[in-house]
Amino acid sequence: MKHQSIPYSREHERYLRKCRKRAVLVWTCRIGLLVLLLGAWELVAALGWVDPFITSSPSRIAATIAGLYADGTLFYHVGVTLWETLAGFFLAVFLGTFTALALWWSDSLRKVLEPYIVVLNALPKIALGPLIIIWCGTGSEAIVFMTVLVGLIVAILHMLSAFIATDENKVLLLRSMGANKVQILTKLVIPSALPAFISMLKVNVGMAWIGSIMGEYIVSKAGLGYLIVYGGQVFKLDLVMSATCILCLLAALMYFLVVLLEKLLVRNGRT
């Protein structure tokens, strides 16, 4: 069944046009600011105000990326890091959400485990690097494990807080109507926690990249983190800056995909 277009009042149409113009202005300012920063960076390097060997420059970064593409290693290193990051991201989100559900389900289990979760969240994950190498070896498994470790506790704490924050009056209303705990979970708790879930995804995007690069710092034979470490060791700072810029681009793309998912969920929720 096709949805008929809803007629809007003139005031609402003006409001929608204003929102569209504001969105265009925001994107124009974002792109303009990026172009301005890159142009200023290139200018000060070209004029010799800073040493381009130390700070690099957009043109040198572009040449380095072109060189990586020419020798066939660019997409290999990007693919390695992207696979490790996505695997750790999805595992952390799934395990964190499932654990939070289990802790919401059992008050006794939550009271027992909550102090340990807080302590694990405060623990510097890099300190576990030697143990992770012993447990998982020196391959991608260790890097994925590090990524999961960094994002898991964040996912648990975010979702547990959202589940606990469910309106108690609505919970009592469903109980008075004879709803069991499974029905309360599926009909009220999970839907009300959807905004917190999207927020957790946004946070875990950054945590996943931190975890994967941290893991590649410790043990890696390929990937963007490996390029950063290698470039720093041999003083190829153009390579370091190039890998860092690619990381920023990939992280931004992953974040915008989460934003797109949020818009789709909101749109479907309204229809």
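Each reported figure results from applying straightforward, stated rules to the coordinates on display, with no laboratory input. The structure displayed is predicted, hence computed values, not measured ones. With ideal geometry, Cβ positions are generated from the backbone for all residues, glycine too; neighbour counts draw on all protein chains shown.
For the stretch 240-249, 3J(HN,Hα) computed residue by residue from phi via the Karplus equation (6.51, -1.76, 1.60; θ = phi - 60°) reads 4, 5, 5, 4, 5, 5, 5, 4, 4, 5 Hz, glycine and proline entered as x. Straight-line cross-link reach from Lys221 at under 18 Å between alpha-carbon atoms covers these aspartates and glutamates, not counting any fewer than eight positions away in the same chain: Asp71, Glu84, Glu141. Highest mean first, the peptides 25-31, 136-142, 78-84 sorted by other C-beta atoms within 10 Å per residue fall in the order 78-84, 136-142, 25-31. For Arg10 and Ala63, the difference between the fully extended length at 0.36 nm per residue and the C-alpha to C-alpha distance is 13.9 nm.
Among the listed pairs Lys21/Lys187; Lys21/Lys170; Lys125/Lys236; Lys111/Lys202; Lys18/Lys170; Lys187/Lys263, which are separated by more than 31 Å between their Cα atoms? Where the Cα-Cα span goes over 31 Å, the pairs concerned are Lys21/Lys187; Lys21/Lys170; Lys18/Lys170. Averaging Cα coordinates gives a centre for the stretch 210-233 and one for the stretch 60-78; these two points are 16 Å apart.
Converting phi to 3J(HN,Hα) with the Karplus coefficients 6.51, -1.76 and 1.60 and the offset θ = phi - 60°, the stretch 216-221 yields 5, 4, 6, 8, 6, 10 Hz in sequence order, with x at every glycine or proline.
Sorting 191-203, 116-128, 9-21 by average packing, meaning the other beta carbons within 10 Å per residue, from highest down gives 191-203, 116-128, 9-21. Think of it as helices only: each DSSP H run of n ≥ 4 in the chain is worth -39500 (n - 2.57), and spread over all residues that comes to -27000 deg cm²/dmol at 222 nm.
Once fully extended, how much extra length lies between Leu34 and Phe90, figured as 0.36 nm per residue of separation less the alpha-carbon to alpha-carbon distance?
17.1 nm
Against the chain, whose longest principal axis comes from its Cα atoms, helix 74-105 is set at around 20 degrees.
Computed from backbone phi with θ = phi - 60° and the Karplus coefficients 6.51, -1.76 and 1.60, the 3J(HN,Hα) list for the stretch 158-164 is 4, 6, 5, 4, 5, 5, 5 Hz; x is used for glycine and proline.
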